[in-house]
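Working notes, structure below.
The values are calculated or read from the model by the stated rules, or taken from the named source; none is laboratory data. Quick caveat: nothing in here was measured; it's all calculated off a predicted structure. Heads up, the Cβs are rebuilt from the backbone with ideal geometry, glycines too, and the neighbour counts pull from every protein chain shown. Ligands, DNA and RNA are stripped out before the accessible areas are found, and what is left, the full protein with its side chains, is counted by its heavy atoms. Shrake-Rupley method; radii C 1.70, N 1.55, O 1.52, S 1.80 Å.
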Amino acid sequence: MYELLQKFHSGWAYLALILLVFAVANSALGSSSKKEFTAKDRKIALFGLIATHIQFLVGLILYFISPLGLSGFNMKDAALRLTSMEHPLINLIAIALITVGWSKHKKMDTGSDKFKKIAIFYGIGLVLILSRIPWSTWLA
């Protein structure tokens, strides 16, 4: 079960990142072009939100069944610290920011403001996620 979840977590990450990049790019373009926020734009942002939440839930389950999870609080080993502490914590913050961006965009009146909230919060979340991906193990 652990290996299946690990493969799903790694594979789903591609989809989640693509949807997140697409949502940030769509919102940045929408904000700069002053276009109206449509149902299509809402769905793009929503799919990015859903994909990242699914990724986080699978990662959380994986964290608690992983041999690297709770046992890896050795601060001297950088690779172990990344997978057991930095990756989950920073990604939790990133998911929270993405969720805040989704919530804040719903309270905005103009399309430009909606695009701006999504672009800022999803963009910061994306940067945080990219900063804590364990690239050496993910691309191997």
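The label-point distance for ALA96 and ILE18, in a model that sets each label 7 Å from Cα toward Cβ, rounds to 3.1 nm.
Largest first and in whole Å, the equivalent-ellipsoid semi-axes of the stretch 1-87 read 34, 15, 9, each the square root of five times a Cα gyration tensor eigenvalue.
In the context of the full set of protein chains, the chain has a per residue accessible area of 58 Å² (1.4 Å probe).
Can you show me the helix-derived [θ] at 222 nm for the chain, built from DSSP H runs with n ≥ 4 at -39,500 (n - 2.57) apiece and divided by the number of residues, rounded to the nearest 500. Don't skip to the answer; put the middle values down first.
Working: 6 runs with 109 residues, N = 140.
Helix contribution divided over all residues of the chain: -26500 deg cm²/dmol.
Against the chain, whose longest principal axis comes from its Cα atoms, helix 111-131 is set at around 20 degrees. Taking all protein chains together and rolling a 1.4 Å probe, PHE8 ends up with roughly 90 Å² accessible. Between helix 87-107 and the chain, what is the angle of the helix's C-alpha long axis to the longest principal axis, kept within 0 to 90° and rounded to the nearest 10? Value to nearest ten degrees: 20.
I'd like the carbon and sulfur percentage of the solvent accessible area for the chain, probe radius 1.4 Å, heavy atoms only, ligands and nucleic acids excluded. Don't skip to the answer; put the middle values down first.
Working: 5770 of 8060 Å².
Carbon and sulfur together cover 72 percent of it.
Could you tally the net charge around LYS117, taking each other residue with its Cβ under 11 Å from the Cβ of LYS117, Lys/Arg +1 and Asp/Glu -1? Intermediate results must be reported in sequence, preceding the final value.
Numbers: positive: LYS104, LYS106, LYS107, LYS114, LYS116; negative: ASP113.
Spelling it out: positives minus negatives among the neighbours equals +4.
The listed residues TRP12, TRP102, once ranked by accessible area (1.4 Å probe) with the largest placed first, stand as TRP12, TRP102.
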